[in-house]
Amino acid sequence: MAYSMADLIILNIRLITQQIKDRFGIYKSRRTFFLLILGITIIFYLLSKWMPHRSNYTNVHYNKCLQTKLEQFSSDVADMNIIINHEPIQFGEIVSLPFTGNGYIGLSLSTQSHIQLIFDPGTSFISSSYSPIIQISSKIWEDSSATIIQMNHGLVRRLQCFQISEVHSAYVTHTLYAHRCRSSLIIQEIDIINPSDQTLDLDFQQKTQTSGNDIQQL
C-alpha cells in the first residue's frame, strides 16, 4: 500500500500529537499523585500537633518517688550548679532560700513568700506583703518534698510526692522563674502527674493578706 507524501506528513503529525498527549497525561497523573501525598502528609502533621496526647507515666513507689525525681539532676549536683533542700532539711545540706529574681522583682518559692521589689540597684528589696505563690497540699495523702535552686538557669523548683496508696504515688512539680524580657513578670508553673486511676484530692492555697505598713513603704 503506497502512501503519498501528504499522507506520511499527516501520519507523523498524528503520531507526534499522540505521544505528546500520552506524556502529558503521565506527567499530569504523577503531579496529581504527588500533590495528594503531600496534602495527606500535611493534614496528618497538623492533626498530630492539635490532638491531645496521652502520655504513659510509670508508677513510682512512694518511698522512692522523691529520690527518683531528684536523680534527673544528678549531673548538675556533681557540677555544683544546683542546691537541693529536702523538707525537712537533711544532714549535710546547705540551707538556702529558694529565691529567684531579675534585679527589679523577686520571689521565693516558700510558704511565707512575698513579692520583693527594688527601685534602685543600690538599695535593698522592699516587701510588698503580697504572695501570688500557689501552695499545694492534701489533708488525705501523706507527702514529701524538696526544693531545687538551679543557679545557672535562674530557676527554682519544688518537687512534691503524694502517697495515694500503698504502691502508688502522684507527684507535683512547681517551677518559678522571672521573665527575661518582661521585668515585672514572675511565672509559676505547676505540673501535676497522677499515673494511677485513683482520684487525687489536693488543696490549692494562696496567701493574699496584705499589710498596711508595707503598702505605705511602697
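So the values come out like this:
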item: Label-point separation in nm, Thr173 to Ile126, each point 7 Å along Cα→Cβ; result: 3.7
item: Cα→Cβ-extended label distance, 7 Å offset, between Leu35 and Ser165, nm; result: 5.6
item: Inter-label distance for Gln67 and Glu189, nm, one decimal - labels placed 7 Å from Cα along Cα-to-Cβ; result: 2.8
item: The range 31-182: C-alpha gyration tensor shape, a/c 1.5 cut-off, then a/b vs b/c; result: oblate
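All of the numbers you see were taken from the coordinates with simple rules; none came from a lab. Since this is a predicted model, take the numbers as computed values, not measurements. With ideal geometry, Cβ positions are generated from the backbone for all residues, glycine too; neighbour counts draw on all protein chains shown.
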